[in-house]
Amino acid sequence: MKRITLLIFTFLGFVHMVSAQWQQTHGPYGGIIYCFTRSGNTLYAGSDYAIYISNDNGINWVQSNAGINYPNVRSFVTDETGVFAGTYNGVFLSADGGQHWTFSGLQYLSVNAMVNTGSCLIAGTGRGMNYTEDGVYVSTDHGVTWVQANNGIPENATVYSLVVKGPDVFAGTQSVSQLYQVAGNGWHRYLCR
């Protein structure tokens, strides 16, 4: 009898999880939302026109663009120094919960994707405000400097997505079915200690 009761409660719990519904929040409003991240109790949303932050689990959202000229935000990543926003005009850092943003490099590049490997930040870029070098960039000093790391990726390849799995990094580019992997014994091991 105890076993049957346990199975019934387990089944009802599963049915409740499956039937959960999405509910629209009260914002943020202002174009397409391209990316989200969380740092501590603060949620960040990036759109065509602004960075929005919420400190109450998404109930209320406020714009937070102080220091960013063109806040067309495509990606976020966090590390111990703060939150990095990848925009259509480079990377910006907020070390104060999204209240102020400072330029952190890769000017004129559209920073489409960013990941944190634990020892470095990696940015996937494309043509932004100017026609400059696309591809993958790595920072081992919390975004102070960035080094291009495109060995094996075609010249002028726009990188739209990045993911870290163990010691490997995968980059997705604009070409159909083009996925590049940097194995743990590749540049990742030498640049990201």
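Readers should treat all values here as calculations from the given coordinates under stated rules, not as data from a laboratory. This structure is a prediction, so every number in the text was calculated from the model and none was measured. Reconstructed Cβ throughout: ideal geometry from the backbone, glycine too, with neighbour counts over all protein chains shown.
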(Q) I want to make sure I understand the PRE zone here: with the label point 7 angstrom from the Cα of Y34 toward its beta carbon, which residues in segment 84-116 have backbone N atoms less than 16 Å away? (A) 84-93, 104-115
Q. Once fully extended, how much extra length lies between A66 and V164, figured as 0.36 nm per residue of separation less the alpha-carbon to alpha-carbon distance?
A. 32.2 nm
Q: Pop a pseudo-label 7 angstrom from the Cα along the beta-carbon direction at both H100 and Q23 and give the gap in nm to one decimal.
A: 3.7
Q) Relative contact order for segment 26-191 using alpha-carbon pairs under 8 Å, separation at least 6, rounded to a whole percent? A) 12
Q) According to the Cα gyration tensor, what semi-axes, each the square root of 5 times an eigenvalue, does the equivalent ellipsoid of segment 26-191 have, listed from largest to smallest in whole Å? A) 26, 17, 14
Q: Evaluate E = 1/(1 + (r/R0)^6) for T81 and R127, where r is the Cβ-Cβ distance and R0 equals 22 Å; express this FRET efficiency to the nearest 0.05.
A: 0.20
Q) Karplus couplings for segment 140-153 from phi (6.51 cos²θ - 1.76 cosθ + 1.60, θ = phi - 60°), rounded to Hz, Gly and Pro as x? A) 9, 10, 6, x, 5, 10, 10, 10, 5, 9, 9, 4, x, 8
